Amino acid sequence: MEKYEKIKIIGRGAYGTVYLCRRISDGCHFIIKQIPVEEMSKEERQAAMNEVDVLKRLTHPNIISYLESFFEGRALMIVMEYAQGGTMFSFLEEREGKLLDEDEIIRLFVQILLAIHHVHQRNILHRDLKTQNILLNKTRKIVKIGDFGISKILSSKSKANSVVGTPCYISPELCEGKPYNQKSDIWALGCVLYELATLKKAFEATTLTALVMKIMKGNFIPISERYSEDFKKLVLSMLQIDPTKRPTLRQIMAQPLIVNALFNVCTDVGRVPCNRTPRPMAGISGKFTCIIVHWNLNLCYIL
């Protein structure tokens, strides 16, 4: 820790303490997650090391950046990017019931989509996607996905089995203890999109049993009529009880509502310049059209 100065504690969790820190050499701010691994079980230590492994694999302007990790005494220290705008959960709470415009919701949502697309391309499930784990930059215009502590790296054909995640966002297949895959993250995405539109969670109850029953039945309050039919259909498609009926990320990104927003997404996210090179979409039939953003190549193009 000789390179960093602790400023304050900004969070505590099951696996440790999160500090806002200043790098002494240049004054830049970072988040350091301090995880007391010596006090943990073998499984908990593995979860802590898993987060480091996952973060090393992910480089995307809409994902919290990993800087380094090291051991300090009996604790694992993980140094990450600091998102000054706080969590999306806090952002929505501060609106005090004033609903967001559909355009603003989609602008935020497409950034989450791009981040999860990057994650899934690397055969990783997030498994705990929620508004508390979605962070914002200082202007609250750029989304940063964080907290990969319970992510799972999959082989190309495997399905996860362990029951993890935050109860309000877990999928029906998780409730039943069935194997699950990327479609479980799609369910959580649907819950997040619903929350952006209503400022409330899709599934809430006073007991875990009642919550599971609501999730299994897919019961939630309809979205306001102020939003378009395409928007409401998108939410419903992601919250299908049967995971095989939920759209893939490519199918979501091919929706006209999303395609238009992807064209307009900020091309300077994360200070990585990106030039849009549109190609005519006519003549494409029988396939979904999907915008893939290749940040490292400084090029956005349509496949």
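The values are calculated or read from the model by the stated rules, or taken from the named source; none is laboratory data. Not measured: the values here are computed from a predicted model. Calculation scope for accessible area: heavy atoms of the full protein, side chains included, ligands and nucleic acids excluded. Shrake-Rupley method; radii C 1.70, N 1.55, O 1.52, S 1.80 Å.
Available extension along the chain between Arg12 and Asn50 is 11.8 nm, counting 0.36 nm per residue and deducting the alpha carbon span. The spacing between segment 201-239 and segment 54-82, judged by their C-alpha centroids, is 34 Å. The listed residues Thr207, Thr59 rank as Thr59, Thr207 when sorted by accessible area, largest first, using a 1.4 Å probe.
Note on Asp103: accessible area approximately 130 square angstrom, rounded to 10, probe 1.4 Å, nucleic acids and ligands left out. Enumerate the lysines that Lys42 could reach by cross-link, defined here as Cα to Cα under 26 Å, with residues fewer than 8 away along the same chain left out. Output for Lys42: Lys33, Lys56, Lys152, Lys159, Lys178. Measuring only protein heavy atoms, the 1.4 Å probe finds Glu176 accessible over about 100 Å².
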